[in-house]
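Before any comments, here is the structure.
The values are calculated or read from the model by the stated rules, or taken from the named source; none is laboratory data. From a predicted model like this one, the values you see are computed outputs, not experimental measurements. All Cβ positions, even for glycine, are placed from backbone atoms using ideal geometry, and neighbour counts span all protein chains on display. Accessible surface is based on the protein model in full, side chains and every heavy atom, while ligands, DNA and RNA are left aside. Shrake-Rupley method; radii C 1.70, N 1.55, O 1.52, S 1.80 Å.
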Amino acid sequence: MGRSFESLVGTPIYELVPGEHKAQVKTDLWNLIENTPSSVVENYVMSPTGEERLFEWRNQVHLDDAGNVYEIQSSGRDITESRKAEKELIAARVEAEKSNQAKSEFLANMSHELRTPLNAIIGFSEILSGENYDFFPKEKRLEYAQDITESGRFLLNLINDILDTAKIEAGKVILYKETFSLNELVDRCCNMIDVRASELDLIIENEIPDDLPWLIADKTRIQQVLGNLYSNSLKFTDAGGRVKTSAGVDKFGRIFVTVSDTGIGISEEYLDLVFDKFGQVNSSYARNHDGTGLGLSLVKLLIEAHDGIVKLESTPAK
């Protein structure tokens, strides 16, 4: 316990125990005397430097011929470090199990995401290359060709997300920084999603001030970040909702951008999962929507590659 023999002689054991644990030590001792001839208990001891150390105590009651307690022998060993290591191992195992489960769900979602457009490409290609090609009107053939093109682009974007994630994690992403207007970039991104937003009956709002300082960053990557955020908002916002972009400068002179929506929202206990690799808040629900869960994790990786920070605030149904 880090104390000398002389300093311990005549000192009640619970006087060496931190205040909040004294009552438990007294209870353990009286239970030992009154109920059991021996016990193994754990409790804390205060070191001379004021550090709380966890000890395992093995206690033995000795009785005289009349059956009266005349002595308690105890041996204690410091288990602070071993218990800490044990907790770390348990936490690591839990984390590994969570990671394995997330990867399994990711692979299940990935197979679903890949199979759907691939089936479309194969199916429409077979129609266009089949014997009955001439029987289809030109408009129908163009529609099939458009479906093939869109499915191919979806697959390409999906594979690009996977490759980008792998490159960033391997530290091989290269940022090509330039100075540009964030307002103009947001305008361009909003125009790109405007048709899709109209189809979903969603309102797109850009409230970035005209006098916002220009940004020094990789313009293509920031556009990719905004695109992923908009895609997520469009996916989980019901008809009649809004997706709004705002920005400003904080007290440290850093530019911040906020993408907010009136979507389904997320419960507090799931907030930490949103930016996890392979993570989806609700697999069964998310599977009803396109996506593998890589979009937002890629947002986090790209922003952190810029020495930036990503934060999420959400409330269910808001």
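To keep it simple, each residue is scored yes or no on (1) out of contact with any helix residue (DSSP H, G or I) (no Cβ under 8 Å at 6 or more places or on another chain); (2) more than 25 Å from GLY253 (Cα to Cα); (3) among the hydrophobic types (A, V, I, L, M, F, W, C); (4) modelled with pLDDT of 90 or more.
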| position | (1), (2), (3), (4) |
| --- | --- |
| ASP194 | yes, yes, no, no |
| GLU199 | yes, yes, no, no |
| ILE203 | no, yes, yes, yes |
| ASP210 | no, no, no, no |
| ILE216 | yes, no, yes, yes |
| LYS219 | no, no, no, yes |
| GLN224 | no, no, no, no |
| LEU229 | no, no, yes, yes |
| ASN232 | no, yes, no, no |
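For first residues located in the range 240-260 and within 17 Å of LEU185 (Cβ to Cβ), partners that are in a loop (DSSP other than H, G, I, E, B) and among the acidic types (Asp, Glu) and lie 6+ apart or on another chain with Cβ distances below 6 Å form the pairs SER246/GLU207; PHE256/ASP250. Within the range 7-33, residues that are at pLDDT 85 or above reach partners that are of a type in the set (Asp, Glu) and not in a helix (DSSP H, G or I) with beta carbons closer than 7 Å, at six or more positions or on different chains, in the pairs PRO18/GLU52. Close contacts from the range 298-318, counting a first residue that is without any contact (Cβ under 8 Å) to a residue 40 or more places away in the chain and a second that is part of a helix (DSSP H, G or I), with Cβ to Cβ under 8 Å and a gap of 6+ residues or different chains, come to ILE309/ILE303; VAL310/VAL299; VAL310/LYS300; VAL310/ILE303; VAL310/GLU304. In the range 55-84, the residues that are within 15 Å of VAL17 (Cα to Cα) reach residues that are open to solvent by 70 Å² or more (accessible area, probe 1.4 Å) and of a type in the set (Val, Ile, Thr) with C-beta atoms within less than 9 angstrom, at least six apart or across chains, in these pairs: GLU56/VAL40; TRP57/VAL40.
Working only within the range 42-53, note down all residues that are part of a strand (DSSP E or B) and farther than 12 Å from ILE79 by Cα.
Of the residues in the range 42-53, the ones part of a strand (DSSP E or B) are 42-46, 52-53.
MET46 - this is the single residue of the range 42-53 that is part of a strand (DSSP E or B) and farther than 12 Å from ILE79 by Cα.
Screening GLY171 against (1) loosely packed, with under 13 Cβ neighbours inside 10 Å; (2) small (Gly, Ala, Ser); (3) at pLDDT 85 or above leaves a single unmet condition, (3). Sort out which residues of the range 240-263 are outside any strand (DSSP E or B) and touching a Leu at 6+ places or on another chain (Cβ under 6 Å), and write them in order of number. If the condition is that a residue be outside any strand (DSSP E or B) and touching a Leu at 6+ places or on another chain (Cβ under 6 Å), then GLY241 is the only one that fits. Taking the range 189-224 as the range and being assigned to a strand (DSSP E or B) and closer than 24 Å to TYR176 by Cα as the test, the residues that pass are LEU215, ILE216, ALA217, ASP218.
Residues of the range 215-259 that are open to solvent by 60 Å² or more (accessible area, probe 1.4 Å), of a type outside the set (Ser, Thr, Tyr) and either out of contact with any His (no Cβ under 8 Å at 6 or more places or on another chain) or over 28 Å from ASP201 (Cβ atoms) (or both): ILE216, ASP238, ALA239, ARG242, LYS244, VAL249, LYS251, PHE252, ARG254, PHE256, VAL257. Looking only at the range 61-85, residues that are open to solvent by 80 Å² or more (accessible area, probe 1.4 Å) and either in contact with a strand residue (DSSP E or B) (Cβ under 9 Å, 6 or more places away or on another chain) or not in a loop (DSSP other than H, G, I, E, B) (or both) come to 6 in all. Within the range 138-168, the residues that satisfy the criterion of being over 31 Å from the mean Cα position of the chain (by Cα) and open to solvent by 70 Å² or more (accessible area, probe 1.4 Å) are LYS138, GLU139, LYS140, LEU142, GLU143, GLN146. Among residues that are under 25 Å from SER99 (Cα atoms), of a type in the set (Val, Ile, Thr), open to solvent by 40 Å² or more (accessible area, probe 1.4 Å) and modelled with pLDDT of 80 or more, ILE309 is included. Based on what the data block shows, is GLU56 open to solvent by 50 Å² or more (accessible area, probe 1.4 Å), assigned to a strand (DSSP E or B), out of contact with any helix residue (DSSP H, G or I) (no Cβ under 8 Å at 6 or more places or on another chain) and of a type in the set (D, E, K, R)? In short, no.
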